[in-house]
Amino acid sequence: MERRTIFGQRLLPVILVAPQFLLTLIFFLWPACQAIWSSMTRQDPFGLHSQFAGLDNFVELFTDPLYRASIGRTVFFMAAVSALSMSLALLLAVFADREIRGRTIYRTLLIWPYAIAPAMAAVLWIVLLQPQVGILAAWLSRHGIAWDYHLNDTQAMLMIVLACAWKQVSYNFIFFLAGLQSIPRTVLEAARMDGARGWHRFRTITFPLLAPTSFFLLVVNLVYAAFDTFGTIQALTQGGPGKATETLVVKVYRDGVVNLDIGSSSAQSVVLMIGVIGLTALQFRFLGRRQLT
Amino acid sequence: MKRRTLLAATVAAPFAAVDHASGQPGKIPVVFWHAMTGANADETNRLARAFNESQSEAEVQPVFKGGYADTLTAAIAAWRADQAPHLVQIFEVGTGSMLAAGPATKQVWQLAKETGVDLDPAIYIPGVRGYYSLTDGRLASRPFNSSTAVMWYNKDAFAAAGLDPEKAPSTWPEVIVAARAIKAKIGTPAMGAVKSPVTSSWMIWVQLEQYSAIHDLPYATKANGFEGLDAELKFNGPAQVKQWDRLLGMAKEGLYEYGGRDTVPDALFYSGQAAIGFGSSAGRGDIVRNARFKWAEALLPIDPEVNAHPINSIIGGASLWTMTTKQRTAAEYKAVAQFLKFIATPEQDAHFHQTTGYVPVTFAGYEKSKADGYYEKQPGADVPIKQLARGKVTANSRGLRLGRLAEIRNILYEETEKALQGQQSGKQALDNGVTRGDRVLREFQKSVGG
């Protein structure tokens with residue numbers, strides 16, 4: 001059933017929509033157009049010399065093996081962060097959904113990490129894992145593991161995946177918990193009466209009924225891993241060692257803000273924008289608009 | 001909502017908002033953006049206050065704009081919006097970009113000519129002056145906080161290893177001998193917190209740029225870029241490869257701990273975990289505050305087989321650039337010039353030097369510090385000055401005038417980190433650095449229309 005509100009005049013709806021429309025125009029559409037334009041120019045930082053370069057910047061990007069490697073790395077990173085944070089969150093949600101004493105406290109505690117600023121989260125992980133002062137790092141080196149993420153590609157990647165996934169667990173946890181609670185008890189009870197037990201019940205009833213939530217979270221997590229992790233990565237490794245943790249968004253920052261290469265940085269932004277549009281389109285296509293709002 | 005925010009974050013240029021400190025009515029405002037923190041920021045604010053009290057027409061308003069790179073980006077964004085500050089502090093590696101900025105800046109010689117204020121470049125120490133001058137000697141920006149690379153060492157650790165704590169190793173073979181002696185004693189009670197013999201902050205700046213300068217080796221063609229935008233990188237010569245192989249070998253033997261990029265390894269020396277630390281001479285204040293051991297400051301070691309007669313090292317730090325806007329008046333430029341003249345007086349320069357650990361940028365400031373007895377009270381504080389003034393400045397030791405130098409440093413960090421993990425040799429790291437760095441230089445050349 002759909003409810004409709006009918007406006008009498010023409011003016012009122014326009015006025016009501018205008019603020020949101022203006023905000024979108026000024027803060028989203030206009031910069032987006034600027035980025036597209038800049039991506040087709042070659043200019044110095046001060047904008048004194050600006051030449052139209054057509055698709056040169058894009059050609060240079062995709063012929064650069066380092067950029068292609070960065071795409072691969074980012075895809076791996078997105079998959080790793082999403083898989084880790086979603087599976088952990090699901091596990092925690094299933095346990096917190098049980099009838100246990102003090103579960104509100106568990107739930108509140110589990111939501112905390114989401115409220116921590118990325119740079120702060122990074123500092124927490126540095127305290128744990130910094131090779132010289134980290135508590136966990138000291139424990140590792142006592143047990144014969146040479147831990148130094150400044151100089152070990154695998155360890156650096158492992159660390160940023162851990163740090164970024166940890167931050168997202170809370171968000172996923174809330175959604176999974178809500179998803180679990182919205183599963184009709186009657187269905188679960190019917191299954192129980194039919195003799196379906198723990199894992200079997202989860203696999204055949206709970207998990208399929210959580211599918212819309214899971215898919216929504218998957219898209220959100222992929223986008224989070226691609227973009228929102230910038231602060232954490234920048235504070236932890238700045239993309240190093242080598243280029244081991246340089247994801248696409250770190251590279252945009254490096255080329256645009258540090259190296260002041262506006263053309264290439266804009267081209268990279270445009271590539272990312274296309275990526276987000278693709279992901280979003282996918283989500284709308286498979287989920288429809290009304291299922292989750 | 002989330003999606004849209006992300007979309008915006010992707011495309012919106014991260015340009016900082018422009019804010020001006022509110023000034024007193026009737027005075028000519030001079031907005032001064034800087035990137036100083038801690039004790040250095042206090043001293044910068046003191047300079048502005050002292051100037052404001054010394055006259056009644058103009059008022060300098062210092063504004064902290066974040067790190068060096070942030071400040072440069074903010075200044076560029078502000079100029080494009082016609083909101084540039086009067087003065088901005090730009091780090092030395094941004095000099096190439098600022099020189100190519102044409103109408104966005106008013107170089108010191110132009111400022112002196114237009115305002116009639118005497119801003120004589122001859123008062124500055126040559127090693128400092130050269131970095132910020134055009135090839136014909138005209139001064140482009142006003143040298144501000146200048147440091148150079150030095151070697152710090154832990155005297156207690158030297159004593160514990162049976163080395164003479166009063167004698168710093170002056171050559172790389174001596175450094176290796178000392179490092180081995182220290183390594184042999186690590187874990188003994190006398191060695192205390194020491195876990196590794198040697199580390200280096202700013203590895204590329206210290207071990208490659210400074211190394212090339214003091215040994216009189218070219219870093220790039222065209223006099224390290226001073227004579228043209230078409231310079232090509234040259235830091236993969238046999239002597240530099242030898243230095244890289246030496247450091248990689250030391251790392252393998254457990255004598256050298258990489259520690260991380262830029263200033264990250266500073267803490268290794270301050271906390272006493274590394275017995276020898278290379279870094280900026282500007283770290284002195286922090287070492288005085290943090291080190292719980294006896295330490296000394298020493299000249300950078302040399303390789304006598306490469307060059308037994310080392311020359312001057314080059315500076316790091318930042319300079320002050322005058323920026324333009326369309327509506328800026330002659331009176332405002334004059335106020336800027338007067339401020340620049342004021343901070344170059346011997347009293348101000350010496351005070352800045354003694355409170356921050358940066359070197360004095362004028363001869364008179366140095367002489368005043370000597371007369372004050374500063375170097376008797378702070379032994380070793382004149383090491384950077386002596387190193388900067390050593391020998392005769394050559395095309396290889398004037399400095400580096402390369403566009404996007406910060407990016408080239410990052411490339412070298414990346415390649416070196418791969419070499420330290422054993423993924424490639426020292427020569428391959430430097431060769432790749434040259435190939436990738438040259439591509440950056442050509443991009444820069446194209447972008448500024450050179």
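The values are calculated or read from the model by the stated rules, or taken from the named source; none is laboratory data. It should be emphasised that the depicted structure is a prediction, and the values quoted were computed from it without experimental measurement. Ideal geometry is used to build each Cβ from the backbone, glycine not excepted, and the neighbour counts take in all protein chains shown. For accessibility, only protein heavy atoms count, side chains too; no ligands or nucleic acids. Shrake-Rupley method; radii C 1.70, N 1.55, O 1.52, S 1.80 Å.
Descriptive notes on the structure:
- Remark: segment B:182-243 carries 34 Å² of accessible area per residue (probe radius 1.4 Å; ligands, DNA and RNA excluded).
- Segment B:180-304: translational diffusion in µm²/s, Stokes-Einstein, Kirkwood Rh over Cα pairs, 20 °C, 1.002 mPa s: 135 µm²/s
- P(r) weight above 34 Å for chain B, C-alpha pairs, percent: 35 percent
- Summary of the geometry: segment B:333-356 and segment B:393-450, compared by the centres of their Cα atoms, lie 34 Å apart.
- Between segment B:35-101 and segment B:192-269, the Cα center-to-center distance that results, in Å: 30 Å
- Kirkwood Rh, angstrom, segment A:22-72 [1 / mean 1/r, Cα pairs]: 12.7 Å
- Convex hull (Cα only) mean projected area of segment B:31-179, reported in nm² to one decimal: 12.9 nm²
- Averaged over peptide A:238-245, the number of partner chain Cβ atoms lying within 10 Å of each residue's Cβ comes to 6.
- The Cα center of segment A:180-207 and the Cα center of segment A:108-133 differ in position by 36 Å.
- Within segment A:1-93, the chymotrypsin sites (Phe, Trp or Tyr not before Pro) that combine a DSSP coil assignment with at most 12 other C-beta atoms in a 10 angstrom radius are A:Phe7.
- Neighbours of B:Thr324 by Cβ distance under 13 Å: Lys/Arg scored +1, Asp/Glu scored -1, total +1.
- Proximal lysines to B:Lys155, defined as alpha-carbon separation beneath 21 angstrom and excluding residues fewer than eight positions away on the same chain: B:Lys167, B:Lys183, B:Lys185, B:Lys195, B:Lys294, B:Lys377
- Three principal axis lengths of chain A [C-alpha, angstrom, descending]: 75, 75, 31
- Working from Cα pairs under 8 Å separated by at least six residues, relative contact order for segment A:24-166 is 15 percent.
- Here segment B:316-434 is treated as a Stokes sphere of Kirkwood radius computed over C-alpha pairs; at 10 °C and 1.306 mPa s its diffusion coefficient rounds to 87 µm²/s.
- Of the trypsin sites (Lys or Arg not before Pro) in segment B:360-450, the ones in a loop by DSSP (not H, G, I, E or B) with at most 10 other beta carbons within 10 Å are B:Lys392.
- Whole-number percent relative contact order across chain B, with pairs defined as alpha carbons under 8 Å at least 6 apart: 24 percent
- Over chain A, relative contact order from alpha-carbon pairs under 8 Å, at least 6 apart, %: 28 percent
- Chain A: DSSP helices with Cα axial extent of at least 27 Å and average Kyte-Doolittle hydropathy no lower than 0.5: A:65-96, A:153-181, A:262-287
- Qualifying trypsin sites (Lys or Arg not before Pro) for segment A:1-87 [loop in DSSP, other Cβ within 10 Å: at most 15]: A:Arg3, A:Arg4, A:Arg10
- Taking the C-alpha atoms of the protein assembly as shown, convex hull volume expressed per residue in Å³: 205 Å³
- Atom-type composition of the exposed protein surface of segment B:304-405 places 56 percent of the accessible area on carbon and sulfur (1.4 angstrom probe).
- In this assembly, the A-B interface accounts for approximately 4300 Å² of buried accessible surface in total, computed with a 1.4 Å probe and without ligands, DNA or RNA.
- Carbon-plus-sulfur accessible fraction, segment A:133-285 (probe radius 1.4 Å, protein heavy atoms only): 67%.
- Segment B:87-244 - Rg (one decimal) and Dmax (whole number), Cα, Å: 21.1, 66
- Computed over segment B:376-416, the alpha-carbon pair-distance distribution with 5 angstrom bins reads 5, 17, 14, 13, 14, 19, 11, 5, 1, each value a whole percent.
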